[in-house]
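The values are calculated or read from the model by the stated rules, or taken from the named source; none is laboratory data. Just so we're clear, the structure is a prediction, and the values are computed from it rather than from any experiment. Methodologically, a virtual Cβ is constructed for each residue, glycine included, from the backbone with ideal geometry; neighbour enumeration extends over all protein chains shown. The protein model used for the area step is the full one, side chains on, heavy atoms only, and it has no ligands, DNA or RNA in it. Shrake-Rupley method; radii C 1.70, N 1.55, O 1.52, S 1.80 Å.
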Amino acid sequence: MDSVIFDLSQTSLREVNQFLHHGANGNPIKIINPDGAHNIAVGLHSPITVEIAGHVGYYAAGMNQLANVTIDGNAGTGVAENMMSGRVHVKGFASVSAGASAQGGLLVIDGNASLRCGISLKGGDIVVGGSVGSFSAFMAQAGRIVICGDAGDAIGDSLYEAVIYIRGTAKSLGADAQFEPMSDSDYQTVGELLAKAGFSHDSKDFKRIASAKRLYHWNADANQDY
Amino acid sequence: MNHSESSQSLSLEESAGYDRRILNYIQNAAAHGLYEIRGLGAKRRLPHFDDLVFLGSSLSRYPLEGYREKCTTKTILGTRYAKKPIELEMPITIAGMSFGSLSANVKEAIGLAATEAGTSTTTGDGGMTSEERLSSKTLIYQCLPSRYGFNPDDVRKADAIEIVIGQGAKPGGGGMLLGQKVNPRVAEMRTLPEGIDQRSACRHPDWTGPDDLTIKIQELRELTDWEKPIYVKIGASRTFNDVKLAVHAGADVIVVDGMQGGTAATQSVFIEHVGIPTLAAVRLAVEALEELDMKGKVQLIVSGGIRTGADVAKALAMGADAVSIGQAILMALGCNSETYIQNGTHHSAIADYNALGTAPGYCHHCHTGQCPVGVTTQDAMLEKRLEPHVGARRVKNYLQTLNMELTTIARACGKQNVHHLEREDLVALTIEAAAMARLPLAGTNWIPGWQTGSSF
Ligand SMILES: Cc1cc2nc3c(=O)[nH]c(=O)nc-3n(C[C@H](O)[C@H](O)[C@H](O)COP(=O)(O)O)c2cc1C
Ligand code: SF4
């Protein structure tokens, strides 16, 4: 199928997004000269394939539903934030809050991700080829984050039910986060996510971080007497 | 002195600094080692709209005939960038209150009432319920730091989007919902385990400062193809600067919520000691819009302690385009009344108030989930105490009363449109109110603290 090509140095972002929302008919779409523009390909809601040739600014592929978006470059703040489904692949590095509050879908980052990767995650999956910055998975509620490199400070602070798998080391654990033994199903999960993301690491090298659930109820000693 | 003599001459000089309220506070803190969490808003007396009066008309101004001459209340919000601004029959809207804090029945009742009255209602920290979308003609969808249940499909279904930066009851604080209220449906909507004590974030996960907010607003506009107005809601604190920043960030509508504003659950130290009164906040917000020459281009909604038609009229006269109401809507539904109405009859709820350690008229126990009148609960039995159609009728009556009072005042001031009420129609009764509202003390031309012409 022929690609539909948009040149962001010639066409306005509004026109491109309008087409992606209402005009796309299944042909792959390629966006050239993104030049770090913000809000490229936000709010897609059909199973289209979009390739962005270059670096993108904030919220690229934000709130994605069903679409398959590849960013051939680095991504700014909040790439694939609040994604519902589909797949977003960053071939370079990702800035802060990658995949924030995503409820579904798969975010793959080949390089490193900065601070707060997977913050407030609500069911999406994130696989990071490199390392993640501090406060990643802060208050993550559901979903899985696979980190092939290391993590900065306070990984998994105030985690709920989301699970983190890490291959390297964590500089420090956040409040209420703890290392837990890997079960067979954990190995299987990691293996599947690595395969989907196109990484060939051995799942045996990963460790599991999850919530100790000590913050689920305040001050149990006080008989909830507030 | 024998025993009976001494008991006849008790010394009962109460300390102002350590009165029974403070003693009670200290004893409770000592017993539990934990702060108090409660619902509703600040309970202490604050300078407020009650401290202002309208001048009305006489020889120097003509009034309008009460019943014969028209006085319009139509209100349009979101005219700056949105292709589809919000059009309302009255400048009185219903504030965001989460499903979770309120039951699904209450959400439905509020939607039905707002639709009948021709106004809007708002979702809350917990996402959009199908009941409220179906029952509400005009529904504002909140985008909060927690992002519970935040969903692009719901963004598209909404009529406007409100980015919540803070609430007047707790500027700088996040949401709170105690485990008793996290039932299976609430848990699912919020992607949380059932029954946990939930504290939600106080900062958004994907942006931090005003420059980021500009891009976030643009994202929501792109997502909705620039159709829907974007509101930005702030808790009143450094209101002058915050409003200017929100305007720069591209808001269509700014919601300023003063410290009297209600909440479903917050630490009482936060409710009573953080933020500034609504009266001061309205003035600062209007001054910020005027300084940017944005008055009338970016609309201002004011909330926090709006109870009566007079409050609405005063907020409008000070420069607001509309008001928003939380607590008083709950009270219209029966909050703090002695009875609830079920199957057409009144039943006493007094024993249930007592079981919570309170009584009708004093209750602020929304956080417990055991609301005696079925308003702020997720309990399957209690929520039946509020029947949607009964609640809807009461809320509609309440809104209609406020709107009639508003036009009564506007006509008395000679205005054919409630939006023509102006500062010049108002004077202050107290020095505090005069200073905060920057209005003259009644019978004088004195505005305390304002000779220099500096802006604040
Ligand atoms: C029960 C209850 C729940 C609330 N939930 C929310 C919420 O989810 N999001 C929000 O922005 N504000 C929430 N608020 C605050 C209201 O939106 C509004 O700012 C406030 O109620 C206005 O002041 P008033 O209560 O004095 O009218 C809530 C208030 C109450 C009373
Ligand atoms: S009566 Fe219900 S809504 Fe009113 S304060 Fe008590 S618990 Fe809250």
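List of remarks:
- For chain A, the fraction of C-alpha pairs farther apart than 34 angstrom is 18 percent.
- Nearest-20 debye value, chain B charge dipole, Cβ charges on Lys, Arg, Asp, Glu: 500 debye
- Solvent-accessible area buried by B and A, counting both chains, probe 1.4 angstrom, square angstrom: 3600 Å²
- Computed over chain A, the per-residue total of -39500 (n - 2.57) for DSSP H runs of n ≥ 4 gives a 222 nm mean residue ellipticity of -2500 deg cm²/dmol, rounded to 500.
- In segment A:14-61, one over the average inverse separation of all distinct C-alpha pairs is 10.8 Å, which is the Kirkwood hydrodynamic radius.
- All C-alpha to C-alpha distances of segment B:137-266, sorted into 10 Å bins beginning at zero, yield P(r) values of 12, 40, 36, 11, 0 percent in whole numbers.
- Residue among B:263, B:285, B:399 farthest towards the positive dipole end of segment B:49-437, charges placed on Cβ: B:399
- Histogram of C-alpha separations across segment B:315-385, 5 Å bin width, %: 4, 16, 24, 23, 11, 6, 6, 7, 3
- Crossing angle, helix A:184-197 versus chain A [Cα axis fit, 0-90 degrees, rounded to tens]: 20 degrees
- Chain B - percent relative contact order, Cα under 8 Å, separation 6 or more: 22 percent
- Ordering B:372-380, B:222-230, B:98-106 by mean Cβ neighbour count within 10 Å, with the highest value first, yields B:98-106, B:372-380, B:222-230.
- Here residue A:184 sits with roughly 130 square angstrom of accessible surface, probe radius 1.4 Å.
- Beta bridges per DSSP with both ends in segment A:35-222, % antiparallel, nearest 5: 20 percent
- Under 19 Å from a label point set 7 Å out along the Cα-to-Cβ vector of residue B:295, the amide N atoms of segment B:38-55 belong to B:53-55.
- Full-extension gain in nm, residue A:202 to residue A:91, via 0.36 nm per residue minus C-alpha separation: 37.9 nm
- Across every pair of non-identical alpha carbons in segment B:328-456, the mean reciprocal distance, once inverted, gives a Kirkwood radius of 18.1 Å.
- Per-peptide average of other Cβ atoms within 10 Å, ordering A:176-183, A:111-118 highest first: A:111-118, A:176-183
- Over the protein assembly as shown: Kirkwood hydrodynamic radius from C-alpha pairwise inverse distances, Å: 26.8 Å
- FRET efficiency, residue B:12 to residue B:156 (Cβ-Cβ, R0 56 Å, nearest 0.05): 0.30
- Taking only the C-alpha atoms of segment B:175-250, Rg followed by Dmax gives 16.2, 42 Å.
- Rounded to the nearest 20, the Cβ-based charge dipole of segment A:35-222 about its Cα centre (Lys and Arg +1, Asp and Glu -1) stands at 80 debye.
- Near the amide H of residue A:107, within less than 5 Å, lie the amide hydrogens of A:88, A:125, A:126, A:127, all on another chain or at least 5 residues away, with H placed in the peptide plane.
- Only protein heavy atoms count here; on that basis, with a 1.4 Å probe, residue B:234 has an accessible area of about 10 Å².
- Gyration tensor (alpha-carbon) shape descriptor, segment A:9-101, a/c threshold 1.5: oblate
- Dimensions of chain B based on its C-alpha atoms, expressed as ranges along the principal axes with the largest first, amount to 74, 56, 48 Å.
- Peptide A:211-218 has a mean of 3 when you count, residue by residue, the C-beta atoms of other protein chains within 10 Å of its C-beta.
- log₁₀ of I(q)/I(0) at q = 0.11, 0.17, 0.20, 0.21 Å⁻¹ - segment B:207-343, Debye sum with one point per alpha carbon: -0.46, -0.95, -1.17, -1.24
- Dipole magnitude of segment B:351-456, debye to nearest 20 (Cβ charges: Lys/Arg +1, Asp/Glu -1, about Cα centre): 260 debye
- Projected label distance in nm at residue B:36 and residue B:84, using a 7 Å step from Cα toward the beta-carbon: 4.6 nm
- Accessible area, probe 1.4 Å, largest first, for residues A:214, B:385, B:307: A:214, B:307, B:385
- Expected 222 nm ellipticity per residue - DSSP helices of 4 or more, -39500 (n - 2.57), all of chain B, to 500: -9500 deg cm²/dmol
- Extension gain from residue B:359 to residue B:416, taking 0.36 nm per residue of separation minus the Cα-Cα distance: 16.2 nm
- Here segment B:52-129 was treated as a single set of alpha-carbon atoms; its pair distances binned every 10 Å from 0 give 15, 30, 29, 18, 8, 1 percent.
- If R0 is taken as 56 Å, the Cβ-Cβ distance between residue B:59 and residue B:269 corresponds to a FRET efficiency of 0.65.
- Mean partner shielding of peptide B:27-33, defined as the number of other chain Cβ atoms within 10 Å of each residue Cβ, is 2.
- Surface exposure of segment B:49-437, expressed per residue as accessible area with a 1.4 Å probe, stands at 35 Å².
- Global geometry of segment B:55-213, whether rounded, prolate or oblate, following the gyration tensor of its Cα atoms and the 1.5 cut on a/c: prolate
- To the nearest 10, the accessible area of residue A:161 is 80 Å² with a 1.4 Å probe.
- Solvent-accessible area, 1.4 Å probe, carbon plus sulfur percent, for chain B: 53 percent
- Residue B:133 versus residue A:14: modelled label distance in nm, points set 7 Å from Cα along the beta carbon direction: 2.7 nm
- Extension gain, residue B:429 to residue B:348: 0.36 nm times the residue separation minus the Cα-Cα distance gives 25.2 nm.
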